[in-house]
Amino acid sequence: MKAKLQADFEAKAQKIHAISQLLKLRLYQLDVEYVVQDNKVLIVDNTQAADAGPPLERWLASAVEAKEGVAIERETQTLATITIQNYFRLYQSSRA
């Protein structure tokens, strides 16, 4: 019973998330939140600079690409992640 309720909740949460993202996509405006350059969608960050690596979920970025009729890029695969703290621990301090 509990597993079924959790599965139902997860399914509903995924639908709500998808609807939320699609609504966000509807609000994205060309030349405001993103630009199209060289057949690629570039997301405009809060400094008004276009960034080649969109900080969007891949499917949302693909939806923007489809909306603008540009080539939809292949999904990339994350092979590893690291926290900022662990990243800085990789390098020894120059103050020894």
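The values are calculated or read from the model by the stated rules, or taken from the named source; none is laboratory data. All values reported here derive from a predicted model rather than from experimental measurement. No Cβ is skipped: glycine too gets one built from the backbone with ideal geometry, and neighbour counts run over all protein chains shown. Side chains included, ligands, DNA and RNA excluded: accessible areas come from the protein's heavy atoms. Shrake-Rupley method; radii C 1.70, N 1.55, O 1.52, S 1.80 Å.
Of note:
- With a 1.4 Å probe rolled over the protein heavy atoms of all chains, the accessible area of R26, R89 falls in the order R26, R89, largest first.
- In the context of the full protein assembly, E73 retains an accessible surface of approximately 80 Å², using a probe radius of 1.4 Å and ignoring ligands and nucleic acids.
- A simple spin-label model places the labels of L5 and V36 4.9 nm from each other, with each point 7 Å out along Cα-to-Cβ.
- Each residue of region 65-70 was assigned a 3J(HN,Hα) from its phi angle through the Karplus curve 6.51 cos²θ - 1.76 cosθ + 1.60 (θ = phi - 60°); the sequence is 4, 5, 4, 8, x, 9 Hz, with glycine and proline shown as x.
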